2 protein chains.
Amino acid sequence: MQKSNKVSEAVIRRLPKYYRYLKDMEKNGVQRISSRELSDKMGLTASQIRQDFNCFGGFGQQGYGYNVSELCNEIRKILGLHKNYNVIIAGAGNLGQALASYVGFERECFTIKAMFDVNPKLIGLSIRGIQILDIDTMRDFIINNDIHVGVVCVPKNKAQEVTDAMVECGIKSIWNFAPIDVGTPDNVAVENVHLSDSLYTLAYKMNEI
Amino acid sequence: MQKSNKVSEAVIRRLPKYYRYLKDMEKNGVQRISSRELSDKMGLTASQIRQDFNCFGGFGQQGYGYNVSELCNEIRKILGLHKNYNVIIAGAGNLGQALASYVGFERECFTIKAMFDVNPKLIGLSIRGIQILDIDTMRDFIINNDIHVGVVCVPKNKAQEVTDAMVECGIKSIWNFAPIDVGTPDNVAVENVHLSDSLYTLAYKMNEI
DNA sequence: ATGTAATCGTTAAAAAAATAACAATGCATA
DNA sequence: TATGCATTGTTATTTTTTTAACGATTACAT
(Lines give C-alpha, C1' and ligand atoms only; values in the text may rest on other atoms or scores of the structure.)
Protein backbone atom coordinates (compact mmCIF):
# COMPACT_ATOMS: atom_id res chain seq x y z
CA MET A 1 0.00 0.00 0.00
CA GLN A 2 3.14 2.14 0.03
CA LYS A 3 2.56 5.31 -1.98
CA SER A 4 5.28 5.70 -4.55
CA ASN A 5 4.77 9.47 -4.86
CA LYS A 6 7.75 11.41 -3.59
CA VAL A 7 7.30 12.22 0.08
CA SER A 8 7.74 15.89 0.81
CA GLU A 9 10.66 17.25 2.81
CA ALA A 10 8.20 18.68 5.36
CA VAL A 11 6.86 15.22 6.16
CA ILE A 12 10.30 13.67 6.36
CA ARG A 13 11.41 16.32 8.84
CA ARG A 14 8.51 15.35 11.09
CA LEU A 15 9.20 11.62 11.06
CA PRO A 16 11.98 11.71 13.68
CA LYS A 17 9.68 13.64 15.96
CA TYR A 18 6.94 11.05 15.63
CA TYR A 19 9.52 8.38 16.28
CA ARG A 20 10.71 10.15 19.41
CA TYR A 21 7.23 10.43 20.88
CA LEU A 22 6.17 6.92 19.92
CA LYS A 23 9.31 5.33 21.32
CA ASP A 24 8.70 7.13 24.56
CA MET A 25 5.07 6.01 24.73
CA GLU A 26 6.03 2.45 23.91
CA LYS A 27 8.55 2.50 26.75
CA ASN A 28 5.84 3.72 29.08
CA GLY A 29 3.56 0.86 28.13
CA VAL A 30 1.06 2.83 26.03
CA GLN A 31 -0.48 0.36 23.60
CA ARG A 32 -2.79 2.41 21.44
CA ILE A 33 -3.20 6.03 20.47
CA SER A 34 -5.50 8.06 18.27
CA SER A 35 -4.37 10.81 15.95
CA ARG A 36 -6.28 13.17 18.21
CA GLU A 37 -4.40 12.21 21.37
CA LEU A 38 -1.09 12.27 19.55
CA SER A 39 -1.85 15.72 18.17
CA ASP A 40 -2.46 16.99 21.70
CA LYS A 41 0.84 15.62 22.91
CA MET A 42 2.89 16.82 19.97
CA GLY A 43 1.30 20.15 19.21
CA LEU A 44 0.26 19.23 15.66
CA THR A 45 -3.20 18.78 14.19
CA ALA A 46 -4.78 15.34 14.07
CA SER A 47 -5.43 15.87 10.39
CA GLN A 48 -1.78 16.46 9.63
CA ILE A 49 -0.77 13.37 11.54
CA ARG A 50 -3.18 11.19 9.59
CA GLN A 51 -2.01 12.68 6.31
CA ASP A 52 1.63 12.20 7.22
CA PHE A 53 1.18 8.54 8.09
CA ASN A 54 -0.82 7.96 4.96
CA CYS A 55 2.11 8.97 2.79
CA PHE A 56 3.48 5.56 3.66
CA GLY A 57 0.34 3.48 3.91
CA GLY A 58 -2.47 2.88 6.37
CA PHE A 59 -1.03 2.00 9.74
CA GLY A 60 -4.20 2.64 11.71
CA GLN A 61 -7.55 1.11 12.15
CA GLN A 62 -10.86 2.96 11.99
CA GLY A 63 -12.63 3.23 15.28
CA TYR A 64 -9.52 2.13 17.14
CA GLY A 65 -6.52 4.32 16.35
CA TYR A 66 -2.92 3.25 15.97
CA ASN A 67 -1.07 0.48 17.70
CA VAL A 68 1.86 2.29 19.25
CA SER A 69 4.57 -0.32 18.89
CA GLU A 70 3.47 -1.29 15.40
CA LEU A 71 3.47 2.34 14.29
CA CYS A 72 6.79 2.92 15.98
CA ASN A 73 8.27 -0.01 14.11
CA GLU A 74 6.92 1.19 10.80
CA ILE A 75 8.45 4.61 11.26
CA ARG A 76 11.72 3.04 12.33
CA LYS A 77 11.75 1.15 9.06
CA ILE A 78 10.78 4.16 7.00
CA LEU A 79 13.66 6.11 8.53
CA GLY A 80 15.96 3.17 7.89
CA LEU A 81 16.79 2.69 11.56
CA HIS A 82 16.32 -1.07 11.42
CA LYS A 83 19.63 -1.33 9.62
CA ASN A 84 23.11 -0.86 11.08
CA TYR A 85 25.44 1.92 10.10
CA ASN A 86 29.16 2.26 10.64
CA VAL A 87 30.22 5.77 11.50
CA ILE A 88 33.49 7.69 11.72
CA ILE A 89 34.04 11.12 13.17
CA ALA A 90 36.58 13.50 11.63
CA GLY A 91 37.77 15.98 14.22
CA ALA A 92 38.18 14.86 17.83
CA GLY A 93 37.77 18.28 19.42
CA ASN A 94 35.13 19.03 22.01
CA LEU A 95 32.16 18.54 19.78
CA GLY A 96 33.55 15.41 18.13
CA GLN A 97 34.15 13.94 21.57
CA ALA A 98 30.72 14.96 22.78
CA LEU A 99 29.10 13.16 19.86
CA ALA A 100 31.30 10.13 20.41
CA SER A 101 30.22 9.98 24.06
CA TYR A 102 26.56 10.30 23.32
CA VAL A 103 25.25 6.88 24.22
CA GLY A 104 21.92 7.51 22.52
CA PHE A 105 23.34 6.90 19.07
CA GLU A 106 24.83 3.55 19.96
CA ARG A 107 21.54 2.46 21.44
CA GLU A 108 20.06 3.01 18.01
CA CYS A 109 21.70 1.63 14.96
CA PHE A 110 24.83 3.74 14.63
CA THR A 111 28.20 2.31 15.58
CA ILE A 112 31.09 4.72 15.81
CA LYS A 113 34.13 2.86 14.52
CA ALA A 114 36.85 5.50 14.97
CA MET A 115 37.67 9.17 15.28
CA PHE A 116 40.33 11.05 13.35
CA ASP A 117 42.36 14.15 14.12
CA VAL A 118 45.53 15.99 13.15
CA ASN A 119 46.49 16.81 16.73
CA PRO A 120 49.33 14.47 17.91
CA LYS A 121 48.21 14.97 21.50
CA LEU A 122 44.85 13.40 20.70
CA ILE A 123 46.00 10.66 18.36
CA GLY A 124 46.18 7.38 20.27
CA LEU A 125 43.65 8.32 22.93
CA SER A 126 40.30 6.59 23.33
CA ILE A 127 36.88 8.08 24.13
CA ARG A 128 34.43 5.52 25.47
CA GLY A 129 36.44 2.83 23.71
CA ILE A 130 36.57 4.71 20.43
CA GLN A 131 40.12 5.22 19.19
CA ILE A 132 41.38 8.54 17.88
CA LEU A 133 43.53 7.87 14.82
CA ASP A 134 45.72 10.01 12.58
CA ILE A 135 43.59 11.71 9.97
CA ASP A 136 46.10 10.65 7.31
CA THR A 137 44.85 7.11 7.81
CA MET A 138 41.20 8.04 7.36
CA ARG A 139 40.92 7.20 3.67
CA ASP A 140 42.25 3.67 4.11
CA PHE A 141 40.07 3.15 7.16
CA ILE A 142 36.92 4.09 5.27
CA ILE A 143 37.76 1.83 2.38
CA ASN A 144 38.58 -1.14 4.61
CA ASN A 145 35.80 -0.86 7.20
CA ASP A 146 32.57 -0.39 5.28
CA ILE A 147 31.82 3.04 6.69
CA HIS A 148 28.40 4.49 5.88
CA VAL A 149 28.31 7.81 7.70
CA GLY A 150 31.00 10.46 8.01
CA VAL A 151 30.64 13.04 10.77
CA VAL A 152 32.51 16.28 10.09
CA CYS A 153 33.66 18.13 13.22
CA VAL A 154 36.76 19.77 11.82
CA PRO A 155 37.28 23.55 11.55
CA LYS A 156 35.38 25.43 8.87
CA ASN A 157 38.32 25.77 6.50
CA LYS A 158 38.95 22.01 6.38
CA ALA A 159 35.33 20.86 6.24
CA GLN A 160 34.88 20.65 2.48
CA GLU A 161 38.26 19.01 2.02
CA VAL A 162 37.49 16.32 4.59
CA THR A 163 34.04 15.82 3.09
CA ASP A 164 35.54 15.36 -0.38
CA ALA A 165 37.94 12.75 0.96
CA MET A 166 35.08 10.86 2.58
CA VAL A 167 33.01 10.99 -0.59
CA GLU A 168 35.90 9.78 -2.72
CA CYS A 169 36.31 6.77 -0.46
CA GLY A 170 32.69 5.80 -0.92
CA ILE A 171 30.89 7.14 2.14
CA LYS A 172 27.17 7.47 1.47
CA SER A 173 26.25 10.28 3.86
CA ILE A 174 27.80 13.26 5.59
CA TRP A 175 26.69 14.75 8.91
CA ASN A 176 28.40 18.11 9.02
CA PHE A 177 28.83 20.31 12.09
CA ALA A 178 31.32 22.80 10.65
CA PRO A 179 29.70 26.23 10.27
CA ILE A 180 29.58 26.06 6.49
CA ASP A 181 27.35 24.22 4.02
CA VAL A 182 29.44 21.41 2.61
CA GLY A 183 28.50 20.09 -0.80
CA THR A 184 28.28 16.49 -1.97
CA PRO A 185 27.39 14.73 -5.22
CA ASP A 186 23.73 13.83 -5.73
CA ASN A 187 24.28 10.27 -4.61
CA VAL A 188 25.70 11.25 -1.22
CA ALA A 189 23.26 12.48 1.41
CA VAL A 190 24.23 15.43 3.55
CA GLU A 191 22.90 17.16 6.64
CA ASN A 192 24.47 20.46 7.49
CA VAL A 193 23.78 21.09 11.17
CA HIS A 194 24.17 24.72 12.12
CA LEU A 195 23.96 25.11 15.87
CA SER A 196 24.48 28.84 15.66
CA ASP A 197 21.53 29.21 13.27
CA SER A 198 19.34 27.81 15.98
CA LEU A 199 20.82 30.18 18.57
CA TYR A 200 20.28 33.17 16.28
CA THR A 201 16.69 32.16 15.70
CA LEU A 202 16.32 32.05 19.46
CA ALA A 203 17.70 35.60 19.72
CA TYR A 204 15.17 36.74 17.15
CA LYS A 205 12.27 35.11 18.99
CA MET A 206 13.41 36.46 22.34
CA ASN A 207 13.32 40.02 21.00
CA GLU A 208 10.07 39.55 19.15
CA ILE A 209 8.15 38.36 22.21
CA MET B 1 9.70 51.15 5.86
CA GLN B 2 9.59 48.15 8.20
CA LYS B 3 6.56 46.01 7.38
CA SER B 4 4.54 45.37 10.50
CA ASN B 5 2.94 42.19 9.13
CA LYS B 6 4.04 39.13 11.04
CA VAL B 7 7.09 37.62 9.40
CA SER B 8 6.63 33.94 8.67
CA GLU B 9 8.58 31.23 10.43
CA ALA B 10 9.97 30.11 7.09
CA VAL B 11 11.61 33.48 6.50
CA ILE B 12 12.99 33.68 10.03
CA ARG B 13 14.61 30.28 9.67
CA ARG B 14 16.45 31.54 6.60
CA LEU B 15 17.79 34.70 8.21
CA PRO B 16 20.70 33.03 10.03
CA LYS B 17 21.74 31.44 6.75
CA TYR B 18 21.78 34.78 4.99
CA TYR B 19 23.74 36.19 7.87
CA ARG B 20 26.28 33.38 7.64
CA TYR B 21 26.89 33.89 3.93
CA LEU B 22 26.96 37.68 4.13
CA LYS B 23 29.39 37.73 7.05
CA ASP B 24 31.67 35.46 5.09
CA MET B 25 31.51 37.64 1.99
CA GLU B 26 32.11 40.75 4.02
CA LYS B 27 35.19 39.16 5.55
CA ASN B 28 36.43 38.33 2.07
CA GLY B 29 36.07 41.93 0.96
CA VAL B 30 33.02 41.50 -1.26
CA GLN B 31 31.30 44.88 -1.37
CA ARG B 32 28.19 44.33 -3.43
CA ILE B 33 26.01 41.43 -4.47
CA SER B 34 22.86 40.90 -6.50
CA SER B 35 19.99 38.65 -5.52
CA ARG B 36 20.97 36.54 -8.51
CA GLU B 37 24.56 36.00 -7.41
CA LEU B 38 23.47 35.31 -3.86
CA SER B 39 20.91 32.80 -5.07
CA ASP B 40 23.64 30.93 -6.93
CA LYS B 41 25.85 30.77 -3.87
CA MET B 42 23.11 29.77 -1.46
CA GLY B 43 21.00 27.48 -3.58
CA LEU B 44 17.84 29.56 -3.31
CA THR B 45 15.95 31.49 -5.98
CA ALA B 46 16.68 35.17 -6.52
CA SER B 47 12.98 35.85 -6.24
CA GLN B 48 12.80 34.32 -2.80
CA ILE B 49 15.76 36.30 -1.60
CA ARG B 50 14.23 39.59 -2.73
CA GLN B 51 10.93 38.70 -1.10
CA ASP B 52 12.61 37.69 2.13
CA PHE B 53 14.56 40.93 2.41
CA ASN B 54 11.46 42.92 1.60
CA CYS B 55 9.69 41.59 4.66
CA PHE B 56 11.88 44.01 6.57
CA GLY B 57 12.22 46.87 4.11
CA GLY B 58 14.13 47.68 0.95
CA PHE B 59 17.81 47.16 1.54
CA GLY B 60 18.86 47.12 -2.10
CA GLN B 61 19.15 49.47 -5.01
CA GLN B 62 17.81 48.87 -8.48
CA GLY B 63 20.45 48.37 -11.11
CA TYR B 64 23.08 47.87 -8.42
CA GLY B 65 22.15 45.15 -5.97
CA TYR B 66 22.82 45.02 -2.25
CA ASN B 67 25.68 46.49 -0.29
CA VAL B 68 27.07 43.47 1.52
CA SER B 69 28.11 45.04 4.80
CA GLU B 70 25.00 47.19 5.01
CA LEU B 71 22.78 44.19 4.39
CA CYS B 72 24.77 42.11 6.85
CA ASN B 73 24.29 44.77 9.49
CA GLU B 74 20.58 44.99 8.88
CA ILE B 75 20.15 41.26 9.27
CA ARG B 76 22.30 41.32 12.39
CA LYS B 77 19.91 43.87 13.84
CA ILE B 78 16.81 41.98 12.75
CA LEU B 79 18.13 38.88 14.48
CA GLY B 80 18.96 40.95 17.54
CA LEU B 81 22.68 40.16 17.38
CA HIS B 82 23.69 43.77 17.95
CA LYS B 83 22.77 43.37 21.61
CA ASN B 84 24.63 41.40 24.26
CA TYR B 85 23.27 38.34 25.99
CA ASN B 86 24.39 36.67 29.17
CA VAL B 87 24.22 32.90 29.02
CA ILE B 88 24.42 30.03 31.46
CA ILE B 89 24.73 26.35 30.69
CA ALA B 90 23.01 23.76 32.86
CA GLY B 91 24.79 20.45 32.57
CA ALA B 92 28.58 20.40 32.23
CA GLY B 93 28.83 17.02 30.51
CA ASN B 94 30.45 16.54 27.15
CA LEU B 95 27.96 18.56 25.16
CA GLY B 96 27.79 21.36 27.70
CA GLN B 97 31.56 21.60 27.68
CA ALA B 98 31.67 21.50 23.90
CA LEU B 99 29.25 24.41 23.68
CA ALA B 100 31.21 26.31 26.34
CA SER B 101 34.40 25.84 24.34
CA TYR B 102 32.91 26.95 21.09
CA VAL B 103 34.62 30.28 20.51
CA GLY B 104 32.22 31.26 17.76
CA PHE B 105 29.50 32.22 20.21
CA GLU B 106 31.73 34.54 22.20
CA ARG B 107 32.82 36.26 19.03
CA GLU B 108 29.19 37.12 18.49
CA CYS B 109 27.10 38.62 21.23
CA PHE B 110 26.73 35.75 23.65
CA THR B 111 28.73 35.68 26.87
CA ILE B 112 28.71 32.46 28.84
CA LYS B 113 28.73 33.47 32.49
CA ALA B 114 28.80 30.08 34.19
CA MET B 115 28.02 26.39 33.92
CA PHE B 116 26.14 24.28 36.46
CA ASP B 117 26.21 20.60 37.31
CA VAL B 118 25.32 18.12 40.03
CA ASN B 119 28.54 16.14 39.71
CA PRO B 120 30.94 17.00 42.59
CA LYS B 121 33.88 16.01 40.39
CA LEU B 122 33.01 18.75 37.92
CA ILE B 123 31.99 21.48 40.37
CA GLY B 124 34.89 23.88 40.84
CA LEU B 125 36.53 23.18 37.48
CA SER B 126 36.80 25.77 34.72
CA ILE B 127 36.39 25.34 30.96
CA ARG B 128 38.01 28.14 28.98
CA GLY B 129 37.66 30.39 32.00
CA ILE B 130 34.04 29.47 32.59
CA GLN B 131 33.42 28.13 36.08
CA ILE B 132 31.36 25.05 36.77
CA LEU B 133 29.17 25.73 39.82
CA ASP B 134 26.82 23.63 41.92
CA ILE B 135 23.44 23.46 40.26
CA ASP B 136 21.83 24.27 43.62
CA THR B 137 23.21 27.79 43.23
CA MET B 138 21.77 28.27 39.74
CA ARG B 139 18.60 30.07 40.77
CA ASP B 140 20.43 32.71 42.76
CA PHE B 141 23.01 33.12 40.01
CA ILE B 142 20.35 33.81 37.40
CA ILE B 143 18.59 36.33 39.59
CA ASN B 144 21.79 38.18 40.46
CA ASN B 145 23.54 38.18 37.10
CA ASP B 146 20.99 39.33 34.53
CA ILE B 147 21.00 36.09 32.56
CA HIS B 148 19.11 36.13 29.26
CA VAL B 149 19.68 32.69 27.82
CA GLY B 150 19.61 29.30 29.53
CA VAL B 151 21.20 26.36 27.76
CA VAL B 152 19.87 22.98 28.83
CA CYS B 153 22.36 20.11 28.52
CA VAL B 154 21.13 17.94 31.36
CA PRO B 155 19.72 14.42 30.96
CA LYS B 156 16.26 14.03 29.47
CA ASN B 157 14.52 13.37 32.79
CA LYS B 158 15.80 16.59 34.36
CA ALA B 159 15.33 18.87 31.36
CA GLN B 160 11.84 20.19 32.09
CA GLU B 161 12.62 20.67 35.76
CA VAL B 162 15.75 22.72 35.00
CA THR B 163 13.85 24.69 32.36
CA ASP B 164 11.11 25.50 34.85
CA ALA B 165 13.66 26.74 37.36
CA MET B 166 15.23 28.98 34.75
CA VAL B 167 11.87 30.37 33.70
CA GLU B 168 10.87 31.04 37.31
CA CYS B 169 14.04 33.06 37.81
CA GLY B 170 13.24 35.28 34.85
CA ILE B 171 15.27 33.86 31.97
CA LYS B 172 13.82 34.96 28.64
CA SER B 173 14.90 32.11 26.39
CA ILE B 174 15.81 28.44 26.54
CA TRP B 175 18.16 26.62 24.20
CA ASN B 176 17.47 22.97 24.88
CA PHE B 177 19.66 20.03 23.84
CA ALA B 178 17.99 17.32 25.89
CA PRO B 179 16.17 14.82 23.64
CA ILE B 180 12.72 16.00 24.65
CA ASP B 181 10.63 19.05 23.77
CA VAL B 182 10.66 21.26 26.83
CA GLY B 183 7.76 23.67 27.26
CA THR B 184 7.85 27.30 28.33
CA PRO B 185 5.25 30.01 28.90
CA ASP B 186 4.38 32.18 25.88
CA ASN B 187 6.71 34.95 26.99
CA VAL B 188 9.78 32.71 27.08
CA ALA B 189 11.32 31.74 23.75
CA VAL B 190 12.51 28.18 23.28
CA GLU B 191 14.53 26.26 20.73
CA ASN B 192 14.53 22.52 21.08
CA VAL B 193 17.58 21.23 19.25
CA HIS B 194 17.34 17.56 18.40
CA LEU B 195 20.62 16.32 17.04
CA SER B 196 19.30 12.82 16.62
CA ASP B 197 16.41 14.07 14.49
CA SER B 198 18.95 15.36 12.04
CA LEU B 199 20.84 12.06 12.06
CA TYR B 200 17.62 10.11 11.46
CA THR B 201 16.73 12.37 8.57
CA LEU B 202 20.17 11.63 7.17
CA ALA B 203 19.50 7.90 7.46
CA TYR B 204 16.26 8.35 5.55
CA LYS B 205 17.91 10.33 2.79
CA MET B 206 20.78 7.86 2.53
CA ASN B 207 18.35 5.02 1.94
CA GLU B 208 16.18 6.98 -0.44
CA ILE B 209 19.04 7.89 -2.77
C1' DA C 1 24.18 63.77 -21.99
C1' DT C 2 22.05 59.79 -23.53
C1' DG C 3 20.99 55.06 -24.11
C1' DT C 4 21.46 50.40 -22.55
C1' DA C 5 21.79 46.81 -19.36
C1' DA C 6 21.21 45.41 -14.78
C1' DT C 7 18.56 44.71 -10.85
C1' DC C 8 15.34 45.84 -7.38
C1' DG C 9 10.55 46.06 -5.28
C1' DT C 10 6.14 44.50 -5.97
C1' DT C 11 2.28 42.29 -7.79
C1' DA C 12 0.46 38.04 -9.91
C1' DA C 13 0.48 33.08 -10.55
C1' DA C 14 1.67 28.52 -9.28
C1' DA C 15 2.87 25.05 -6.14
C1' DA C 16 3.01 23.09 -1.74
C1' DA C 17 1.40 22.45 2.79
C1' DA C 18 -1.92 22.52 6.31
C1' DT C 19 -6.52 22.13 7.73
C1' DA C 20 -11.23 20.74 7.47
C1' DA C 21 -14.88 17.70 6.14
C1' DC C 22 -16.89 13.41 5.64
C1' DA C 23 -17.93 8.70 4.20
C1' DA C 24 -16.31 4.10 5.34
C1' DT C 25 -15.05 0.94 8.66
C1' DG C 26 -14.37 -1.67 12.60
C1' DC C 27 -14.66 -1.78 17.88
C1' DA C 28 -17.32 -2.13 21.93
C1' DT C 29 -21.34 -2.84 24.29
C1' DA C 30 -25.74 -4.38 25.26
C1' DT D 1 -26.05 -10.20 16.74
C1' DA D 2 -27.25 -5.60 16.06
C1' DT D 3 -26.43 -0.68 17.04
C1' DG D 4 -24.01 3.29 18.01
C1' DC D 5 -19.69 5.51 18.59
C1' DA D 6 -14.97 6.46 17.58
C1' DT D 7 -11.57 7.07 14.41
C1' DT D 8 -9.34 6.29 10.25
C1' DG D 9 -8.26 7.18 5.17
C1' DT D 10 -9.20 10.24 1.71
C1' DT D 11 -10.95 14.02 -0.78
C1' DA D 12 -11.90 19.04 -0.78
C1' DT D 13 -10.77 23.59 0.83
C1' DT D 14 -7.97 27.02 2.67
C1' DT D 15 -3.72 28.95 3.76
C1' DT D 16 1.04 29.52 3.19
C1' DT D 17 5.07 29.50 0.56
C1' DT D 18 7.53 29.71 -3.55
C1' DT D 19 8.26 31.13 -8.12
C1' DA D 20 7.53 34.05 -12.05
C1' DA D 21 6.64 38.40 -14.30
C1' DC D 22 7.27 43.10 -15.02
C1' DG D 23 7.47 48.17 -14.39
C1' DA D 24 10.55 51.47 -12.09
C1' DT D 25 14.99 52.95 -11.10
C1' DT D 26 19.83 53.26 -11.13
C1' DA D 27 24.69 52.39 -12.66
C1' DC D 28 27.70 52.52 -16.33
C1' DA D 29 29.56 52.96 -20.95
C1' DT D 30 29.81 55.66 -24.96
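The values are calculated or read from the model by the stated rules, or taken from the named source; none is laboratory data. What you see is a predicted model, and the numbers here were worked out from it, not measured in a lab. Backbone-built Cβ (ideal geometry, glycine too); neighbour counts: all protein chains shown. All accessible areas refer to the heavy atoms of the entire protein, side chains included, with ligands and DNA or RNA removed. Shrake-Rupley method; radii C 1.70, N 1.55, O 1.52, S 1.80 Å.
Here are some notes:
- Aspartates and glutamates whose Cα lies under 18 Å from that of A:LYS121, excluding same-chain neighbours fewer than 8 positions away: A:ASP134, A:ASP136
- Computed from Cα atoms, the angle from the helix A:68-79 axis to the main principal axis of chain A rounds to 40 degrees.
- Taking 25 Å as the straight-line reach from the Cα of A:LYS205, the lysines in range (excluding those fewer than 8 positions away in the same chain) are A:LYS17, A:LYS41, B:LYS3, B:LYS6, B:LYS17, B:LYS23, B:LYS77, B:LYS83, B:LYS113, B:LYS156, B:LYS158, B:LYS172.
- Paired Rg and Dmax values of chain A, which use every Cα atom, in angstrom: 19.9, 63
- In Å², nearest 10: area of A:ARG76 left accessible to a 1.4 Å probe: 60 Å²
- Only protein heavy atoms count here, probed at 1.4 Å, and on that basis chains A and B bury about 5200 Å² of accessible area in total.
- Ranking of B:HIS194, A:HIS82 by solvent-accessible surface, largest first: A:HIS82, B:HIS194 (1.4 Å probe, protein heavy atoms only, all chains present).
- Using a probe of 1.4 angstrom and keeping all protein chains present, the accessible surface of chain A works out to 49 square angstrom per residue.
- The listed residues A:TYR64, B:TYR85, once ranked by accessible area (1.4 Å probe) with the largest placed first, stand as A:TYR64, B:TYR85.
- Between A:SER34 and A:TYR66, the built amide H atoms are under 5 Å apart, and every one of these is 5 or more places off in sequence or on another chain.
- Solution diffusion estimate, µm²/s, Stokes-Einstein, region A:9-78, Kirkwood Rh from C-alpha pairs, 10 °C, viscosity 1.306 mPa s: 134 µm²/s
- Per-residue [θ]222 nm for chain A (sum of -39500 (n - 2.57) over DSSP H runs n ≥ 4, rounded to 500): -14000 deg cm²/dmol
- Principal-axis analysis of the Cα atoms of chain B puts helix B:156-168 at an angle of about 80° to the longest axis.
- Inverse mean reciprocal Cα-Cα distance (Kirkwood Rh) of region A:85-196, Å: 13.7 Å
- Prolate/oblate/rounded label for region A:13-134 (Cα gyration tensor, a/c 1.5): prolate
- Relative contact order, whole percent, for region A:9-78 stands at 43, derived from Cα pairs under 8 Å and 6 or more residues apart.
- Amide N of region A:74-117 lying under 15 Å from the label point, which is placed 7 angstrom from the Cα of A:ASP40 along Cα→Cβ: none
- Residue by residue along A:107-116, Cβ atoms of other protein chains within 10 Å of the local Cβ number 1 on average.
- Beta bridges per DSSP with both ends in region B:85-196, % antiparallel, nearest 5: 10 percent
- Mean silhouette area of the protein assembly as shown, derived from the convex hull of its C-alpha atoms and averaged over all directions, reads 22.3 nm².
- Residue and distance (whole Å) for the chain A Cβ nearest the axis that superposes A on B: A:ALA98, 2
- Per-atom-type breakdown for region A:159-205 gives carbon and sulfur 50% of the accessible area (1.4 Å probe, protein chains only).
- Acute angle (nearest 10 degrees) that the helix B:195-208 long axis makes with the longest principal axis of chain B, alpha-carbon atoms: 50 degrees
- Antiparallel DSSP beta bridges within the protein assembly as shown, percent to nearest 5: 20 percent
- Low-density loop positions, trypsin sites (Lys or Arg not before Pro), region A:97-135 - DSSP coil, at most 16 other Cβ in 10 Å: A:LYS121, A:ARG128
- Here region B:78-144 and region A:159-209 have alpha carbon centers that stand 24 Å from each other.
- Residue order for B:ILE209, A:ILE78, A:ILE33 - accessible surface, 1.4 angstrom probe, largest first: B:ILE209, A:ILE78, A:ILE33
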